[in-house]
Amino acid sequence: MNRKNFRLPALLASALLSCSLSAQTVLFKSDTLTNCYRIPALVKAHDGSVIAISDFRPCRTDVGGGEIDVVAKRSTDNGNTWSAESTILKGGGDVPFDVAHGDAAVVCDRKTGEMLMLCASGNVWYWTSTLENPNRVGRYYSKDGIHWQGGEITSQIYGLMKGAVHKLFFSSGRVCQSSRIKAGTHYRIYSALCTNIGNVVLFSDDFGKSWQPLGGVDARPTLDGDEAKIEELPNGDVLLCSRSQKGNGRIFNIYSYDNAKKATGKWATPVYIDNDKYKSAKCNGEILLVRAHRKSDGKSTNVLLYSVPMSDTRNDVGIYYKEIASKADYSSPECFRSGWKTFGVSNTDSGYSTMIQLANGKIGFFYEETERKGGYDMIFRDYTLGQITGGEYF
């Protein structure tokens, strides 16, 4: 990787010193000879244990370039110690779909404890995908996070878009589950597709067995969005945070319900964050809303976190955060154009990231750091909200 000299603003330079507040754990280590890992995902099981998931890439490149496996480690003590690595989905198969599985997107159902994993699969590059020979989609379920069963759902997902989409994959990391809306067998889940027409947001009321485009088949929440994440706002509306295909920076949009159970409503006009003010490389990240209290007065509130490399290139992964105290703070996508503060995690080569709230209330953060010939070291850290926000919230 060719790194550009990047002079950090004073606030960000100060924030990067905060990375010493949390010890890092290297869960999966890449090298230049045999081991190659990428793409972080975290899921918290019903019993509070945490499963960290990563691609293991013998092919040393993306799906389409050869064998990729999905591997995992488990922690039963909020990330203090971890199990040995296990392969939960094996690539290298004889049929096209089973050549590679990766870019896992995961969620654990809040009631049943069943886990869902969506993945990019097959032997076709995303960029060369066609309707006749598409890059493929896998869906797998597990009750324990160790044993997974499932298979291909490529035609089901492409069929939702009536021919408008000829390449797609579910954005890796955290699949969002609603805490408010239950219109089927399970609480509603959301995930964002990266496609040739920008982002498409899908929802499911039966925990991924069937899907529908949020806003309808013609909805286009972004026209140039790439990998994206979804979070539920306090009133049940849906927040999209995406990287731009055309340049650096993030795109925000909101789907506002007029009838949540029927999933009727509309997308607003997307908003682009000023990338000169809030640096963000073209890279996948995560978005997470957490309940909090203000230190200044002790009152309850919400804090929104999103993670990206805070640079023009894939370096200096960190977390932007801002308070979401009332409806006025998320009444339109314009609300997300400004007001962000920073917390630094990495001060070197670093890329994709994801985060969840652990059973002990801390934020578990899993990210790629130190690029090595197609892979990264996969790093886990945990932070209190007070550490991330410099003591403003707890």
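The values are calculated or read from the model by the stated rules, or taken from the named source; none is laboratory data. Predicted model only: the values in this text are computed from it and were never measured. Methodologically, a virtual Cβ is constructed for each residue, glycine included, from the backbone with ideal geometry; neighbour enumeration extends over all protein chains shown. With ligands, DNA and RNA removed, areas are computed over all heavy atoms of the protein, side chains included. Shrake-Rupley method; radii C 1.70, N 1.55, O 1.52, S 1.80 Å.
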Checklist line | Which listed residue is under 25 Å from I287 (Cβ atoms) and modelled with pLDDT of 95 or more, from A84, A120, A100 | finding: A120
Notebook entry, point to check: What pairs come up if the first residue lies in region 340-359 and is touching a residue at least 24 places away in the same chain (Cβ under 8 Å) and assigned to a loop (DSSP other than H, G, I, E, B), the second is open to solvent by less than 20 Å² (accessible area, probe 1.4 Å) and not acidic (D, E), and their beta carbons are under 6 Å apart, counting only those six or more places apart or on different chains?
Noted result: W340/Y278; W340/Y320; V345/V317; V345/G318; S346/V317; N347/L16; L358/G364; A359/G48
Notebook entry, point to check: Hey, among T81, T130, which residue is over 30 Å from Q245 (Cα atoms) and over 22 Å from the mean Cα position of the chain (by Cα)?
Noted result: T81
Note to self: Suppose we filter region 258-281 for residues that are without any contact (Cβ under 8 Å) to a residue 24 or more places away in the chain and under 16 Å from V201 (Cα atoms); how many remain?
What the structure shows: 1
Check: For region 166-194, what are the residues that are over 13 Å from the mean Cα position of the chain (by Cα) and basic (K, R)?
Finding: K167, R180, K182, R188
Note to self: I'd like to verify a number: residues in region 222-237 that are in contact with a Pro (Cβ under 9 Å, 6 or more places away or on another chain) and within 18 Å of G173 (Cβ to Cβ), how many?
What the structure shows: 3
Next item on the list: Just give me the residues in region 210-230 being within 24 Å of E152 (Cβ to Cβ), among the hydrophobic types (A, V, I, L, M, F, W, C) and open to solvent by 10 Å² or more (accessible area, probe 1.4 Å), in sequence order.
Entry: V217
Check: Inside region 181-226, can you point out the residues that are within 25 Å of Y352 (Cα to Cα) and polar (S, T, N, Q)?
Finding: S191, T195, N196, N199, T222
Check: Taking the stated definitions as given, is G265 open to solvent by less than 20 Å² (accessible area, probe 1.4 Å), within 24 Å of S332 (Cβ to Cβ), of a type outside the set (A, V, I, L, M) and modelled with pLDDT of 95 or more?
Finding: no
Note to self: Checking the structure you have, find out if any residue of region 242-259 is outside any strand (DSSP E or B), among the charged types (D, E, K, R), within 27 Å of S338 (Cβ to Cβ) and open to solvent by 10 Å² or more (accessible area, probe 1.4 Å).
What the structure shows: yes
Next item on the list: Answer yes if at least one residue in region 154-177 is under 20 Å from Q212 (Cβ atoms), open to solvent by less than 30 Å² (accessible area, probe 1.4 Å), in contact (Cβ under 8 Å) with a residue 60 or more places away in the chain and not in a strand (DSSP E or B), and no otherwise.
Entry: yes
Check: Looking at region 282-326, which of its residues are under 18 Å from K362 (Cβ atoms), touching a residue at least 40 places away in the same chain (Cβ under 8 Å) and either open to solvent by 40 Å² or more (accessible area, probe 1.4 Å) or assigned to a loop (DSSP other than H, G, I, E, B) (or both)?
Finding: H293, K295
Item checked: In region 1-31, the residues that are surrounded by fewer than 19 Cβ atoms within 10 Å (Cβ to Cβ), touching a Lys or Arg at 6+ places or on another chain (Cβ under 7 Å) and modelled with pLDDT of 95 or more -> D31
Note to self: I'm trying to understand the selection: among the residues of region 192-209, which are in a loop (DSSP other than H, G, I, E, B) and either open to solvent by less than 10 Å² (accessible area, probe 1.4 Å) or in contact with a strand residue (DSSP E or B) (Cβ under 6 Å, 6 or more places away or on another chain) (or both)?
What the structure shows: F207, G208
